[in-house]
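One structure below.
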Amino acid sequence: MMKTNLKKMLSILLCLTMVLSVSACQKSETASKYKAGTYTATANGKNGPIEVEVVFTADKIESVKVNGENETEGISEGALEIIPEKIVSGQTLAVDAVSGASLSSEAILKAVEDCVVQAGGDVEALKVKTEVAAAVPTEEVNYDIVVVGAGAAGTAAALAASEYSQSVLLLEKTAKPMGAGTLAGGLFAAESDLQKAAGKTVSKEWLYDEYVTSSSGYMNSLLVRKIIDESSETVNWLIQNGCKLNLVDAGSGASYEHIGMPATLHGYAEGGAVAVSKLVESFKGNGGTVMFSTPATDLIKDADGKIIGVMAKKEDGTELKINAKAVVLATGGFGGNEEMLRKYLGANFSFGEVSSNLGDGIKMAWDAGADELGIGTTQYFWQTFSPEVFGSLISTLGDDWFSLTAFSFYPHLRVNNFGQRFSDETTVSDFAIHGAQIHMQPQQTEFLILDSSVLNQIATKGYVSVEDHYGIWKDNRQFYMEFNEPNDTDTLIEKEKTPTDYVPLLDAAVGSGAVYKGDTLEELAKNMNVDYETFSNSVAQYNHAIESGKDELFFSDVTRLVPVVSGPYYAVKYSARNLTTLGGVKINEKIQAVDENFMPIQGLYVAGADAGGMYGLSYVDFEGGTLGFAYTSGRLAGINAAEFVNGK
């Protein structure tokens, strides 16, 4: 009996020991998953470092917080909110980038990965995606009209169509309204109510001639004329639907070369992101339906080639078949698609400002039989710093990095990577022209040359002593928002008049890849890595043009050029800035996609940057052209699609 009880007791103790051992092992494994604490790390996004703070408990990622970033307002917010949320909710690094903010998304994930390593976690285990249990069946829905893309053109198309039908669906692959229209400054018009009230109506003939000049005739003249004729109604219609616009004088947005031109620009009073969001709300108020995070993948055709719907994919992976009587494509061009950029622009290219613009609509239209037009047209505009330079520049200067762009508005000497002067410097604030000029240089690069005499002059008298760009608007304030930031002539006047010593900023940026310095021109050339003989000849030719009163090379107004005479010297290195591509699909004046024989693809409309025919190879040389075409072509596409559906 005692033996039996003893055996039972030993068995129980053995079981308890095993249970405790297993429990201890499990506890040990759990305890070793992370070293509890708060960790920080940074990784480079689109515009420089993104810093994250990650809090770990012993067994999980407690929180992820973005502490510092310089990403583009209106584009990156989705990534800054969604990526941390998905990491924490899923306890995973296997998170897909947010469409439209892939570089920001990847930077956050990389920084969090760094924090996981610091906390002793298993990065590879966190990157493993869990298998989906079973395929989700296709969902099928019906609408009269489907619009693909919730930028300026797509939102306008959906809103206009919703005034004729409550059965309109707006698809957007990003988590919020997106596109160049959310970043732009404003749109053009010929005879808007704002222009009439100000006594500043613009001649339709003048606008048409500008398109002819900039395209050298390589344009769809009927389409151009239709857009011009409808431009004023578009502005009035946008205002009626909650979009606040201010008519501003040409040149008041820093394009000094445009001063005296007609006042075409109806600038966003609250910024593009606010304007497009308000239009989306107006669309929903008309009974329209919006689906964000829902990319379209294919058009649906019947046996006769007529477009009868769209295939899409919902955020949960569900395939969505959308039957429709008409489709409008407005996906913003292909500025984020490296393969297409290389193919159609060549090796010398820059990415567009909106990385989610991958040419989706263009490729779908081509697959449906639409012809190609304008695929090589790109809106190079002003200049920027290369992605390689951004990270180190922002790390060095913080938010002060933007001050290094101040020089770019004035007619300082420019040379390319070979040390050659390559343009009339007085055109540098004619942004479309100078943007194209930089694009044509090796590696799309220019060096702006500053000498100590002009820097001393600016430090004592302000930049207004070099050239007065805004004094014409003293007591006549011009205000609008561009890139969702204020453009205010009162502020610009004061800034230009204020003495500013840029030398400490320049010296701090030496070594970042953006700024180079030399006590002599020879030393500067060496540091810039350009041929000294070529560079010195460029400087000599430039200075001689100023001294002689005649520029034999580029026929500049030499009275505006800034001499390069005394060291130390500085060079600021800029790159071409690509806002977006501007074409791809041939359309007619009804905004219908057409085939190689100019015959319409029934039920298919293409608006905004996906559509070709408005331009030659570059942007028009007046203000508001791109956004004006986006909104007007979108509005017309929505109206015409609704009429097509209604049998008109």
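The values are calculated or read from the model by the stated rules, or taken from the named source; none is laboratory data. All values derive from a computational prediction rather than experimental measurement. A quick note on method: Cβ atoms are made from the backbone with ideal geometry, for glycine too, and the neighbour counts reach across all protein chains shown. Keep in mind that these areas ignore ligands, DNA and RNA; they rest on the heavy atoms of the full protein, side chains included. Shrake-Rupley method; radii C 1.70, N 1.55, O 1.52, S 1.80 Å.
Okay, which of the stretch 600-642 sit inside 15 Å, backbone N to the point 7 Å along the Cα-Cβ direction of Leu222?
600-601, 613-614
Give me the dipole magnitude in Debye, nearest 20, for the chain about the Cα centre, with unit charges on the beta carbon: positive for Lys and Arg, negative for Asp and Glu.
Numbers: 49 positive and 83 negative charges, 451 e Å.
Roughly 2160 debye, rounded to the nearest 20.
Under a crude label model (7 Å from the Cα following the beta-carbon direction), how far is Ile239 from Asn142 in nanometres?
Each label point is offset 7 Å from its Cα along the Cβ direction, giving 4.2 nm.
With all pairs of different alpha carbon atoms counted, what Kirkwood hydrodynamic radius in Å does the stretch 560-634 show?
15.4 Å
What's the extension gain from Glu338 to Leu617 if we count 0.36 nm per residue and subtract their Cα-Cα distance?
98.5 nm
Ratio to report: Rg/Rh of the stretch 361-520, with Cα atoms as the point set and Rh obtained by the Kirkwood method; give two decimals.
Radius of gyration over Kirkwood radius for the stretch 361-520 works out to 1.04.
Residues of the chain: accessible area per residue at 1.4 Å, in Å²?
Spelled out: the 1.4 Å probe surface of the chain, per residue, equals 43 Å².
Quick check: at a probe of 1.4 Å, how many percent of the accessible area of the stretch 209-312 sits on carbon and sulfur atoms?
47 percent
Give me the Kirkwood hydrodynamic radius of the stretch 187-313, using the inverse of the mean 1/r over all pairs of distinct Cα atoms, in Å to one decimal.
Roughly 17.4 Å, rounded to one decimal.
Of the cross-linked pairs Lys200/Lys226; Lys244/Lys306; Lys284/Lys321; Lys204/Lys306; Lys176/Lys497; Lys226/Lys363, which ones have a Cα-Cα span greater than 31 Å in the structure shown?
Listed pairs above 31 Å: Lys244/Lys306; Lys204/Lys306; Lys176/Lys497.
Determine Rg/Rh for the stretch 242-289; Rg is computed over alpha-carbon atoms and Rh is the Kirkwood hydrodynamic estimate from the same atoms. Please report the intermediate quantities before stating the final value.
Values: Rg = 14.6 Å, Rh = 12.3 Å.
Ratio value, two decimals: 1.19.
If you take the beta carbon distance between Thr213 and Glu547 as r and set R0 to 45 Å, what does 1/(1 + (r/R0)^6) give as a FRET efficiency, to the nearest 0.05?
Once the sixth-power term is evaluated, E becomes 0.85.
Taking only the Cα atoms of the chain, how large is their convex hull per residue, in Å³?
On the way: hull volume 126.9 nm³, N = 648.
Hull volume normalised by residue count: 196 Å³.
Can you tell me which aspartates and glutamates have their Cα less than 18 Å from the Cα of Lys550? Leave out same-chain residues fewer than eight positions away.
Correct list for Lys550: Asp424, Glu425.
I need the Debye-formula profile for the stretch 448-499: one equal scatterer per C-alpha, no solvent, reported as log10 I(q)/I(0) at q = 0.16 1/Å, two decimals.
-0.54
Given a 1.4 Å probe and every protein chain left where it sits, what share in percent of the accessible area of the stretch 345-466 is carbon and sulfur? Spell out each step's value before the answer.
Working: 2140 of 3910 Å².
Of the solvent-accessible surface of the stretch 345-466, carbon and sulfur hold 55 percent.
Distance from the Cα centre of the stretch 375-422 to that of the stretch 450-509, in angstrom?
The stretch 375-422 and the stretch 450-509 have Cα centres separated by 17 Å.
Can you give the FRET efficiency for Ala347 and Met311, using 1/(1 + (r/R0)^6), R0 = 30 Å, r = Cβ-Cβ distance, to the nearest 0.05?
The computed FRET efficiency comes out at 0.30.
Using a basic spin-label model with each label point 7 Å from the Cα along Cα→Cβ, how many nm lie between Lys495 and Lys65?
A separation of 3.2 nm, rounded to one decimal place.
For every helix of n ≥ 4 consecutive DSSP H residues, a contribution of -39,500 (n - 2.57) applies; sum these over the chain, divide by its total residues, and give [θ] at 222 nm rounded to the nearest 500 deg cm²/dmol.
That comes out to -11500 deg cm²/dmol.
Using the basic label-point model (7 angstrom from Cα toward the beta carbon), what is the Glu85 to Met599 distance in nanometres?
Here the modelled spin labels are 4.8 nm apart.
Of all the accessible heavy-atom surface of the stretch 513-648, with the other protein chains kept in place and a 1.4 Å probe, what percent is carbon and sulfur?
50 percent
How big, in percent, is the set of alpha carbon pairs in the stretch 484-579 lying more than 15 Å apart?
72 percent
Assuming 0.36 nm per residue, please report the length gained on full extension of the stretch Lys474 to Val128 beyond their Cα-Cα distance.
118.4 nm
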